[in-house]
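Input: a single structure, listed below in structure tokens.
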Amino acid sequence: MENTKFSTLIEKEKIIQRTEEIGKALTQKFKGKTPIVLSVLNGSFIFYSDLIRNMDLDVICDFVTLTSYGNNLTTTGEVKLTLDLMSPIRGKDIIIVEDIIDSGYSMEFLVSSLKSRGCRSVTIVTLLLKPSSLKTNIQVDYVGFEIADQYVLGYGLDYQGYYRNLPHIAYIDNKLN
Ligand code: IMP
Ligand code: MG
């Protein structure tokens, strides 16, 4: 795609290791329970599929799609649920799996939507978190990696629709462009 140059931010091996650690921690935390593990599409699909295979539990897999309004790089905070999950959630433990939390508006919206429908608990897992971009007070339970406020792509995250299939996380390297 065009001539934009990228550099690696987080190597594939590091992602695999961290995903195993989080999977183990979730296995401990939810022992004896049957949580719904919820992928926030599209970005989390790769992390999600690796993470659930590191969870030694009986889980129900489900999916939601959120759309946040704004331009490509910033959000206005207006979020809409464009694909809802299929499973009944009243009384259930839900583990939300996100690719990245930036402003936190999407996560805040999703958590309040799930809670208003009577689930028992909500646990938030995100592969990436940009702490300096957060504009909400959400409590994130498991973070793969904290990163600086920069646009990243790969391992599920897109840049202009492409690069989701990169096996590592990359960034747009201004020094090379
Ligand atoms: P938030 O609502 O601002 O927290 O943004 C959440 C969503 O914006 C994420 O789930 C991503 O889909 C997208 N997003 C935010 N930052 C990035 C990035 O650096 N690369 C790719 N997608 C991003
Ligand atoms: Mg996402």
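The values are calculated or read from the model by the stated rules, or taken from the named source; none is laboratory data. The model shown is predicted, which means the values in this text are computed figures rather than measured ones. FYI the Cβ positions are ideal-geometry reconstructions off the backbone, even for glycines, and counts take in every protein chain you see. What goes into the accessible areas is simple: the full protein's heavy atoms, side chains included, and nothing from ligands, DNA or RNA. Shrake-Rupley method; radii C 1.70, N 1.55, O 1.52, S 1.80 Å.
Filter segment 30-61 for residues that are within 14 Å of ligand 2 (Cβ to nearest atom), open to solvent by 40 Å² or more (accessible area, probe 1.4 Å) and among the polar types (S, T, N, Q) and give the result.
ASN42
THR123 versus (1) open to solvent by less than 60 Å² (accessible area, probe 1.4 Å); (2) within 11 Å of ligand 1 (Cβ to nearest atom): which is the lone unmet condition?
THR123 satisfies every listed condition except (2).
Return the residue satisfying two criteria in turn: it lies in segment 31-49 and is within 8 Å of the chain's Cα centre (by Cα) and not in a helix (DSSP H, G or I), and of such residues it is farthest from ligand 1 (Cβ to nearest atom).
Checked segment 31-49; the qualifying residue farthest from ligand 1 (Cβ to nearest atom) is SER39.
With open to solvent by 40 Å² or more (accessible area, probe 1.4 Å), of a type in the set (A, V, I, L, M) and within 16 Å of ligand 2 (Cβ to nearest atom) as the only criterion, which of LEU157, LEU110, LEU83, LEU129 stands out?
Numbers: LEU157 fails: open to solvent by 40 Å² or more (accessible area, probe 1.4 Å); LEU110 fails: open to solvent by 40 Å² or more (accessible area, probe 1.4 Å); LEU129 fails: open to solvent by 40 Å² or more (accessible area, probe 1.4 Å).
Going through LEU157, LEU110, LEU83, LEU129 in turn, just one is open to solvent by 40 Å² or more (accessible area, probe 1.4 Å), of a type in the set (A, V, I, L, M) and within 16 Å of ligand 2 (Cβ to nearest atom): LEU83.
Just to be sure before I move on: is VAL64 outside any loop (DSSP other than H, G, I, E, B) and away from ligand 1 (no atom under 14 Å from the Cβ) in the structure I sent?
Working: outside any loop (DSSP other than H, G, I, E, B): yes; away from ligand 1 (no atom under 14 Å from the Cβ): no.
The answer is no for VAL64.
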